[in-house]
Amino acid sequence: MIINFSVFGWAAFLLLAGCTSTGSVGLAEGQGQALSSANFVLAKPSIFLSEKSARVSGTVCRKPNRALISPSHVEIDHLRADHSLIDRTLVYLPPLPRRADQRCGNYSGTTSSIVAPDDVIRVCIARGSKACPA
């Protein structure tokens, strides 16, 4: 019986140890926005906060029946609550395959500023020096 208890105790310890915090906190619902284009769909980004920045990652998919060259970058705009720009980050997007069963690619980038509770993170397909559309 002692052996069973110690195995149970270790299992409980490992379970609790696996629940410790990593220092990242997800943003509140509505703070992350994704703007799709006529040919590509961006999923709502996953956003994890740290003390000095936010890590933003997501997926871009080519819409069906589109044979366009894939975009090379995704733009991450860090905006104040009034939608004025705080920071803009361009992140590399690997080429999207043209095969029907592999239309999507992933991106990940980090902002260079602290994200306040009322701030918004918006992602879109990079359009040169132009900001993401409002």
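The values are calculated or read from the model by the stated rules, or taken from the named source; none is laboratory data. None of these values were measured; they are calculated from a predicted model. All Cβ positions, even for glycine, are placed from backbone atoms using ideal geometry, and neighbour counts span all protein chains on display.
Among the residues of the stretch 101-115, which ones are touching a residue at least 24 places away in the same chain (Cβ under 8 Å) and not basic (Lys, Arg)? Within the stretch 101-115, 104, 105, 106, 107, 108, 109, 110, 111, 112, 113, 114, 115 meet the criteria. List pairs: first residue in the stretch 58-74 and more than 14 Å from residue 106 (Cβ to Cβ), second residue surrounded by fewer than 16 Cβ atoms within 10 Å (Cβ to Cβ) and at pLDDT below 80 anywhere in the structure, Cβ distance under 8 angstrom, at least six positions apart or on different chains. Matching pairs, first to second residue: 64/100; 67/98.
Residues in the stretch 38-84 that are assigned to a strand (DSSP E or B), closer than 28 Å to residue 97 by Cα and among the aliphatic types (A, V, I, L, M): 41, 42, 47, 56, 60, 74, 76. In the stretch 45-72, the residue that is farthest from residue 118 (Cα to Cα) out of those that are surrounded by 15 or more Cβ atoms within 10 Å (Cβ to Cβ), in contact with a Ser or Thr (Cβ under 8 Å, 6 or more places away or on another chain) and polar (S, T, N, Q) is 57. The listed residues are 82, 119, and the only one of them that is farther than 25 Å from residue 63 by Cβ and without any contact (Cβ under 8 Å) to a residue 40 or more places away in the chain turns out to be 82.
Touching an Asp or Glu at 6+ places or on another chain (Cβ under 7 Å) and modelled with pLDDT of 90 or more: is that true of residue 55 in this structure? So residue 55 does not fit the description; no. For residue 89, the requirement of being touching a Gly at 6+ places or on another chain (Cβ under 6 Å) and crowded, with 19+ Cβ neighbours inside 10 Å is met.
Which of the residues that make up the stretch 85-94 are hydroxyl-bearing (Ser, Thr, Tyr) and in a loop (DSSP other than H, G, I, E, B)?
Listed by number, the list is empty, since nothing qualifies.
Every residue, every condition in (1) of a type outside the set (Asp, Glu); (2) within 12 Å of the chain's Cα centre (by Cα); (3) modelled with pLDDT under 90, yes or no:
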site: 31; (1), (2), (3): yes, yes, yes
site: 64; (1), (2), (3): yes, no, yes
site: 91; (1), (2), (3): yes, yes, no
site: 106; (1), (2), (3): yes, yes, no
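Just the residues that are loosely packed, with under 13 Cβ neighbours inside 10 Å and outside any loop (DSSP other than H, G, I, E, B), please, taken from the stretch 111-132. Of everything in the stretch 111-132, just one residue is loosely packed, with under 13 Cβ neighbours inside 10 Å and outside any loop (DSSP other than H, G, I, E, B), namely 130.
Here residue 108 fulfils each of the conditions (1) under 16 Å from residue 39 (Cα atoms); (2) of a type outside the set (Asp, Glu); (3) not in a loop (DSSP other than H, G, I, E, B) apart from (1).
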